[in-house]
Amino acid sequence: MKQEFLTITENKKIAKDVYLMVLEGDTSAITASGQFVNIKLDGFYLRRPISVCDYDDTTLTIIYKVVGDGTEAMAKLPCGEKLDVLLGLGNGYNLGKSGDTPLLIGGGVGVPPMYNLCKKLIAEGKKVTVILGFNTKEEIFFEDEFKALGASVHITTVDGSYGTKGFVTDVMKNLTYSYFFTCGPMPMFKAIEATAVTSGQYSFEERMGCGFGACMGCSCKTKYGNKRICKDGPVLEREEIIW
Amino acid sequence: MVNTKVELCNITLDNPVIPASGTFGFGYEFAELYDINCLGTFSFKGTTKDARFGNPTPRIAECDRGMINAVGLQNPGVEAVIANELPKLKECFNKPVMANVSGFSVEDYVYTCEKLDKEEQVGWLEVNVSCPNVHGGGMAFGTSAEAAAEVTRAVKAVTTKPVIIKLSPNVTDIVSIAKACEAAGADGISMINTMLGMKIDLKTKKPVIANKMGGFSGPAIKPVAVRMIYQVYEAVNIPIVGMGGVSSAEDVIELMLAGATAVEVGAANLIDPFAARDIVNDLPRVMEKYRINNLSEIIGGAH
């Protein structure tokens, strides 16, 4: 983990209530897909944990949804402003188990961490299939970006306004895959757990105090003992999760 | 050259800055970020007789200038702390550490304190009779002068290290409880633990925290801490370890002027993992600004 002051170079709306922010600076503390950053905002006491969508040594891309006062303030931040960011938090996905035909499943703001993961798996020569689930057409983002990486992309919407009508599992149940990686809301996880035919990894969300393992605010029980979502997670393997 | 040294129960601290229990783990995770030997000491994660998972999540809520937590004393239990955590701590911290202890009965406190008292690296026992986040114990001992005194007497009877009783602000008269602890043999008082608070989510129309209520901490509670430390300082002769919303070197000095011999830094560590180190580094500058040469001379200076 490192603390850095990164400069906002882009902050734009890309779908309903969803924003993409690009930050520049030393991002070398980020070491794995699926890690997150914790951002200090003026006027708010706790930091905002946001998953990493993409990164290289000098830039960081995050995608966030405006859900409260903090993210609303974030959406108004101008380019050029510096943000106090803790980087390289959490374990991230373990790519070693993916097999040759991994399936990536993102739901809503669980989509962003799938992007860098997809990029890395394709760079390793894997044949990647992606399912992106949204409520409705105007919430969809990054369909073209995943296609540009070379992934086979399926979109689902709950109301049927775009792609397959229904949930990500309505597509998942008809696919064959070697392994799965997912991030999204708990109801989606439970549906995936009931549908999946292989091992996989889930990235969990929880209200956090610190984001770096100090406060025990985000603990959960697993088959291998208590874990902190922020430090020992957010990614847990299917075999260890207690539902 | 200013002097930041203070003496707490006959142990000299290089400076009065002490990360508070529950915000600093067992130290070694912060030791990856900076050399924690720059601290006066720190108070490690509240330890109980048996292992505890704590409360269901969500355990955290944000407030104006502060936060609410209802962790519920998650810890691996005293045996595991001694076997697994203290050896790791010893590798990165070469000063006496403050052992924070909680319990659900007088026997619990006695059991845990007796074990930790024998650990070489433990300098002080900080006995928490004020956790607002557990049922059937914790704060119950800290809201009654008789019960707090009973815990103090029982722990003193089985220990050799200085015993500091950590008090709750969620009481009508903290002074009478502090005096009862002093009369029962306490070597020090630490105060204040978190204030019982609550936050309701307007979208769900329900409490944010699964446990409904939790301990409110952060800069918003500092005036309450200053007031209570000031009151207790007038009533007891044992040292006070002050805490409550401390986020800067200026805050450290303010609590010392109210009567604190040393000062704990809590929630600030969670917002900025370097907070305690930065406060230590900033103390000489702020002392010079306010023409303080010797920090120990300002204790209780506001009286």
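When you check B:CYS131 against the structure, is it buried (at least 19 other Cβ atoms within 10 Å of the Cβ), at negative phi and in a helix (DSSP H, G or I), yes or no?
Values: buried (at least 19 other Cβ atoms within 10 Å of the Cβ): yes; at negative phi: yes; in a helix (DSSP H, G or I): no.
When the stated conditions are applied, B:CYS131 does not pass them.
Here B:GLU264, B:GLU254 are screened, and the one residue that is assigned to a helix (DSSP H, G or I), closer than 25 Å to A:LEU46 by Cα and away from chain A (no Cβ under 14 Å) is B:GLU254. Tell me whether the stretch B:204-215 contains one or more residues that are among the hydroxyl-bearing types (Ser, Thr, Tyr) and closer than 25 Å to B:ALA275 by Cα. The answer is no, given that none of the residues of the stretch B:204-215 is among the hydroxyl-bearing types (Ser, Thr, Tyr) and closer than 25 Å to B:ALA275 by Cα.
All of (1) out of contact with any strand residue (DSSP E or B) (no Cβ under 9 Å at 6 or more places or on another chain); (2) more than 23 Å from B:VAL71 (Cβ to Cβ); (3) of a type outside the set (A, V, I, L, M); (4) not assigned by TED's automatic domain parsing to the domain that holds A:LEU104 hold for A:GLY225 with one exception: (2).
Being within 7 Å of another protein chain (Cβ to nearest Cβ), surrounded by 16 or more Cβ atoms within 10 Å (Cβ to Cβ), closer than 20 Å to A:PHE44 by Cβ and out of contact with any Phe, Trp or Tyr (no Cβ under 7 Å at 6 or more places or on another chain) is a condition met by at least one residue of the stretch B:65-74. When the criteria are applied in full, A:ILE39 meets the requirement of being within 14 Å of chain B (Cβ to nearest Cβ), of a type in the set (Val, Ile, Thr), outside any loop (DSSP other than H, G, I, E, B) and buried (at least 18 other Cβ atoms within 10 Å of the Cβ). Among the residues of the stretch B:44-62, those identified as facing chain A (nearest Cβ under 7 Å) and closer than 25 Å to B:ILE18 by Cβ are B:GLY54, B:ARG59, B:ILE60, B:GLU62. Using the structure shown, decide if A:CYS210 is part of a loop (DSSP other than H, G, I, E, B), outside the structural domain of A:TYR19 (by TED's automatic domain parsing), touching a Lys or Arg at 6+ places or on another chain (Cβ under 9 Å) and farther than 22 Å from A:LEU95 by Cα. Judged against the criteria, A:CYS210 is a match. Scanning the stretch A:101-143 for residues being farther than 18 Å from A:VAL168 by Cα, in a helix (DSSP H, G or I) and of a type in the set (D, E, K, R) gives a total of 2. Can you find a residue that is closer than 16 Å to A:PRO185 by Cβ, touching a residue at least 12 places away in the same chain (Cβ under 8 Å) and touching an Asp or Glu at 6+ places or on another chain (Cβ under 9 Å) anywhere in the stretch A:89-98? Within the stretch A:89-98 (the criterion being closer than 16 Å to A:PRO185 by Cβ, touching a residue at least 12 places away in the same chain (Cβ under 8 Å) and touching an Asp or Glu at 6+ places or on another chain (Cβ under 9 Å)), the answer is no, since none of the residues qualifies. The set of residues in the stretch B:183-220 being surrounded by fewer than 20 Cβ atoms within 10 Å (Cβ to Cβ) and among the charged types (D, E, K, R) consists of B:LYS199, B:ASP201, B:LYS203, B:LYS205, B:LYS206, B:LYS212.
Scanning the stretch B:191-215 for residues that are of a type outside the set (D, E, K, R), in contact (Cβ under 8 Å) with a residue 12 or more places away in the chain and part of a loop (DSSP other than H, G, I, E, B) yields B:ILE192, B:ASN193, B:THR194, B:VAL208, B:ILE209, B:ALA210, B:ASN211.
Within the stretch A:148-166, can you find the residues that are assigned to a loop (DSSP other than H, G, I, E, B) and surrounded by fewer than 21 Cβ atoms within 10 Å (Cβ to Cβ)? Give the steps one after another, and end with the answer.
First pass over the stretch A:148-166, keeping only residues assigned to a loop (DSSP other than H, G, I, E, B): A:150-151, A:158-163, A:166.
Answer for the stretch A:148-166, where residues must be assigned to a loop (DSSP other than H, G, I, E, B) and surrounded by fewer than 21 Cβ atoms within 10 Å (Cβ to Cβ): A:GLY150, A:VAL158, A:ASP159, A:GLY160, A:SER161, A:TYR162, A:GLY163, A:GLY166.
Those residues that are among the polar types (S, T, N, Q) and in a strand (DSSP E or B), I need them from the stretch A:178-207; list them, please.
Pass one, the stretch A:178-207, residues among the polar types (S, T, N, Q): A:178, A:182, A:195, A:198-199, A:201, A:203.
Within the stretch A:178-207, A:THR182, A:GLN201, A:SER203 qualify.
Restricting to the stretch B:216-249, name every residue that is within 28 Å of B:ASN10 (Cβ to Cβ) and part of a helix (DSSP H, G or I). Selection gives B:ALA225, B:VAL226, B:MET228, B:ILE229, B:TYR230, B:GLN231, B:VAL232, B:TYR233, B:GLU234, B:ALA235, B:ALA249.
The values are calculated or read from the model by the stated rules, or taken from the named source; none is laboratory data. Please read these numbers as outputs of a predicted model, since none were measured by experiment. Ideal geometry is used to build each Cβ from the backbone, glycine not excepted, and the neighbour counts take in all protein chains shown.
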